[in-house]
1. Please label the shape of region 365-485 as rounded, prolate or oblate, based on the square roots a ≥ b ≥ c of the eigenvalues of the alpha-carbon gyration tensor (a/c under 1.5 means rounded; beyond that, a/b larger than b/c means prolate, else oblate).
2. Divide, for region 6-185, the radius of gyration over alpha carbons by 2.2 N^0.38 Å, where N is the residue count.
3. Say the dipole of region 6-185 comes from +1 at the beta carbon of Lys and Arg and -1 at that of Asp and Glu; which of ALA150, LEU128, LEU28 then lies farthest toward its positive end?
4. Take each complete run of DSSP H in the chain, measure how far its Cα atoms stretch along the helix's own axis, and keep only those covering 20 Å or more with mean Kyte-Doolittle hydropathy at least 0.5; list them.
5. Kindly state, to the nearest 0.05, the FRET efficiency for ASN153 paired with ALA400, given R0 = 45 Å and r defined as their beta-carbon distance.
6. Given the C-alpha centroids of region 169-190 and region 445-461, what is the distance between them in whole angstrom?
7. Can you give the convex hull volume of the alpha carbon atoms of region 133-238 per residue, in Å³?
8. Between SER67 and LEU10, what is the spin-label point distance in nm, taking each point 7 Å from the Cα along the Cα→C-beta axis?
Amino acid sequence: MTLPSIVYGLLFLPGISLLYWLLPGRGLKLWLLLLVSLAFYAPLQLQYIPFLLGLVLANYVIGRRLSAPLDWRIPNEEWHFAQQDWDRKRLVLLWFGISLNVLLLLSFKYIAPMASTANPSLQLLMPLGLSFFCFECIAYLIDIYRGAPAANNFVEFAAYKLFFPKLIAGPITRFQGFISQMKRPRFPNLEQGVEAGWLIASGSVKKLLLADRIGLLVNLSFDNLERSGSGDLWLVIFAYGLQLYLDFSGYVDIARGSALLLGIQLPQNFDFPYFTTSIADFWRRWHITLGDWLRNYLYFPLGGSRKGLGRTCLNLLIVMLVAGIWHGDQWGFLIWGLLHGLALVIHRLNQSVANTYSGLKAFWNNWTGVVVAWAITQIFVFLSWIPFRLPNPQDLGLVASHFFNQAADVQFAQKVYSESLGFSRGGIVLMLLGLTGIMALLHGFKHRLKLQISWPLKLMFIPVGLYLAWLLAPLETVPYIYFEF
């Protein structure tokens with residue numbers, strides 16, 4: 001089952017929401033969430049349900065053991081030594097849990113593809129959502145090691161880990177924040193119900209009406225790189241950046257809206273990232289929960305910015321290389337991570353220099369500097385999506401050769417724009433710029449004017465948005481891009 005779909009929107013989600021609030025008691029609600037999450041996942045990859053349940057059980061057992069207190073009957077004179085011994089054992093247990101999740105993730109992302117290359121009969125699909133699944137498990141174990149409470153029972157932990165709206169593509173959540181909302185379930189009021197519908201409708205528009213339509217252009221253009229010209233290449237790079245944002249944020253909107261109908265608030269994952277003026281701010285507003293995870297469980301443990309400028313730059317490089325490796329086993333993802341790591345290093349060095357020279361700091365703070373910073377940041381971000389979309393080094397070389405002064409094949413515009421999409425290249429450019437203008441307007445309302453759309457207006461939009469998404473969606477829905485990760 002996918003979201004959005006007719007079955008999900010008209011049958012699955014309304015039926016589950018109604019049954020959820022009719023069931024008495026927290027325990028029955030947890031069981032319902034667990035069972036419907038398994039039912040949600042089963043049509044996608046039924047064969048991996050035992051594997052996921054086994055992984056949930058393993059992390060639950062490790063978490064319970066990490067939270068186990070010392071025996072209070074230990075004599076006082078032996079307490080200090082017993083505590084030191086238990087601290088060492090807990091650290092070993094923590095590293096065992098982290099290693100288990102990391103090795104499983106690497107096995108599916110790297111070892112399995114290499115084995116299938118050597119022997120095609122060994123080809124093994126990666127379980128959908130495994131990356132997000134393992135990152136949440138690692139965060140859960142580290143939080144318990146740092147003193148957070150563990151799950152009280154297996155069903156509680158399994159319902160959290162397999163919660164269907166976030167199961168496949170996030171957002172990444174922490175157990176304690178999630179389960180605290182389950183302790184006192186609150187039926188959504190009118191405003192919350194409208195917000196849930198608004199998120200689902202806006203996510204459907206982003207995915208079906210916008211991202212999938214833009215995806216047609218992106219796929220056609222990248223599949224015909226040899227015949228494209230420089231103008232076509234720059235257009236498709238711009239289009240892909242928009243598609244990726246709309247596709248992923250659309251999924252998260254639907255996930256958050258679905259969870260809100262069950263009285264659960266999932267964290268926001270995007271906040272107008274294409275209107276940021278630095279790469280550091282971009283990572284605070286793009287895939288927010290992944291950025292938080294990288295900071296809390298990798299960057300800070302490495303020392304963060306506490307050990308001098310050189311060590312800070314090294315830590316930033318390591319963190320972004322890990323982010324690249326997390327996305328896939330091809331060179332393009334490593335290049336993408338390295339580029340973002342270098343960009344963060346340059347940003348940190350620029351901050352250090354600007355703090356020394358007041359003139360440079362004044363330039364970045366005036367409107368000219370802000371515009372320049374925004375342009376530099378977004379040009380870099382969009383160009384860095386190239387290895388993300390084309391992780392094969394040969395494709396990257398072909399793109400580099402077409403950047404400037406490359407004329408398109410005489411049939412490229414006819415086949416891609418006119419026959420397949422029904423618009424000229426100029427018309428497509430205007431539509432994408434118009435879409436960007438709408439995004440800029442919404443950003444200005446929220447961040448500059450501090451205005452929010454009232455719930456009555458949202459209520460009016462919901463049926464219109466859902467109808468347009470259903471009516472104008474392409475005949476074949478494109479899979480979510482982040483399902484690959």
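1. Numbers: a/c = 1.89, a/b = 1.24, b/c = 1.52.
Judged from the Cα gyration tensor, region 365-485 comes out oblate (a/c at least 1.5, b/c at or above a/b).
2. Values: Rg = 19.1 Å, N = 180, 2.2 N^0.38 = 15.8 Å.
Dividing the Cα radius of gyration by 2.2 N^0.38 Å gives 1.21.
3. Working it through, the farthest residue towards the positive pole turns out to be LEU28.
4. Values: long enough: 26-45 (28 Å, 1.21); 49-67 (27 Å, 1.26); 76-106 (45 Å, 0.09); 130-145 (22 Å, 1.62); 190-204 (21 Å, 0.38); 230-261 (47 Å, 0.87); 309-327 (28 Å, 1.53); 331-356 (38 Å, 0.80); 367-389 (33 Å, 1.36); 425-443 (27 Å, 1.66); 455-472 (25 Å, 1.52).
Membrane-span-like by this rule: 26-45, 49-67, 130-145, 230-261, 309-327, 331-356, 367-389, 425-443, 455-472.
5. Values: r = 55 Å, r/R0 = 1.23.
Rounded to the nearest 0.05, the efficiency is 0.20.
6. After rounding, the separation between the Cα centres reads 24 Å.
7. Values: hull volume 17.2 nm³, N = 106.
Output value, Cα hull per residue: 163 Å³.
8. 4.3
Readers should treat all values here as calculations from the given coordinates under stated rules, not as data from a laboratory. All of these numbers come straight from a predicted model, not from anything done at the bench. Reconstructed Cβ throughout: ideal geometry from the backbone, glycine too, with neighbour counts over all protein chains shown.
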